[in-house]
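Working notes, structure below.
The values are calculated or read from the model by the stated rules, or taken from the named source; none is laboratory data. Nothing here was measured: the structure is a model prediction, and the numbers come from that model. Cβ coordinates were reconstructed from backbone atoms using ideal geometry, including for glycine residues, and neighbour counts include every protein chain displayed.
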Amino acid sequence: MSKRYDWVDYAKGIGILLVVYAHTARGVFSAGIASDEDWYTLVDSVIYTFHMPLFFFLSGLFFYSSLQKRGGGALVAAKADTILYPYIVWSLLQGTVELMFSRYTNDVISAEEVVNLLEPRAQFWFLFALFMITVLAIPIYAALKQRYFLAVALAFSAVFVFSNALPEFFHSDYLYAWFVFFAFGVWFNEIRDAVLSRSRALLGFFFVLFVFSQWIFHGYFGLTYEDGGAGLLVLALIAIMFVVLLAHVLSHYPGRFMLQLGYSSMAIYLMHVMVGSGVRVFLQKILHVENLYAHLALGFSAAVLIPLGVVKLCRRWDMMFLLEAPRTISGQYWYQKKFGT
């Protein structure tokens, strides 16, 4: 990605740090390691109001330009390589490891759960949902002119708010809950330059708005991210804008580590639960460490840094098939071979 869009990788970097911390803290809390439950619940809810909406938003940013450039069929083939393939590989890999060491972990799973890829497990639900949303988005946006993109986002805002009244079908909850953020990402690309040209001026305003809205939601009304509704949607969009503006401002300063986090956010997402859980089990079961801060610091650091190291080793040892579809089974390769495009 060009330097012009470094801010996207900064935003992904911020997002993946939040994801890793949230899952590390949840694992530690579920393992019974002492913590302030009220504080844990508050921080957990604040993060969950926007960290995954942020990733759907970022996934929507360049969707339409990719659709125009590739066409619908080629785009599905590309997403099969970059989303569906790692979903299958790492669902099976992590599931197998969890099955082997289930007596040491917080959750007990069965072999049937591991191989049932139509029912996403653990963090892999995001990849499943993103692929579903992308496939649905292709005919919608292919049929519409750009001036209707805001209308699509507003329509799915209503879907989000009134999802409990809508019919249920195969993983419809993913579409109801997450398409709206993808749609706002698609629309934001239309106004991106106008907004980001004022990022420094807007950042302070959205920081105050972010803090105030979180206080109103969690403090004044006593709600959590699980309560959903219009309030959660507004809260998420405010937080997303704050992160986008922050990422854009930060991207003007050299920061190779943040860029690396952004480049490798998929790999970190795929591996961080397995790494973090392994560190927690080792500390608690083998070394008998029960210190909350040791678990958070070591689990978080390992879950970020070890996947970065694995990516480098995969590149060096020609093992990128763990992260990317090999050419022989690549959807893009077979699509091009069949259609010659």
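Among the conditions (1) in contact with a helix residue (DSSP H, G or I) (Cβ under 6 Å, 6 or more places away or on another chain); (2) without any contact (Cβ under 8 Å) to a residue 12 or more places away in the chain, the only one that VAL159 does not satisfy is (2). Against the conditions (1) in contact with a Leu (Cβ under 7 Å, 6 or more places away or on another chain); (2) surrounded by 22 or more Cβ atoms within 10 Å (Cβ to Cβ), LEU67 satisfies every one except (2).
Return yes when TYR48 is in contact (Cβ under 8 Å) with a residue 12 or more places away in the chain, surrounded by fewer than 21 Cβ atoms within 10 Å (Cβ to Cβ), within 30 Å of ASP193 (Cα to Cα) and not charged (D, E, K, R) and no when it is not. Yes: the conditions hold for TYR48. If you go through region 8-41 and keep only what is under 20 Å from the mean Cα position of the chain (by Cα), of a type in the set (A, V, I, L, M, F, W, C) and within 22 Å of GLN214 (Cα to Cα), you end up with ALA11, ILE14, ILE16, LEU17, LEU18, VAL19, VAL20, ALA22, ALA25. The test for being among the hydroxyl-bearing types (Ser, Thr, Tyr), part of a helix (DSSP H, G or I) and farther than 25 Å from LYS145 by Cα does not hold for SER157. Among the residues of region 259-272, those that are closer than 22 Å to ASN189 by Cβ and touching a Ser or Thr at 6+ places or on another chain (Cβ under 9 Å) comprise LEU259, MET266. Of the residues in region 6-21, at least one is surrounded by fewer than 21 Cβ atoms within 10 Å (Cβ to Cβ), at pLDDT below 95 and within 25 Å of PHE300 (Cβ to Cβ).
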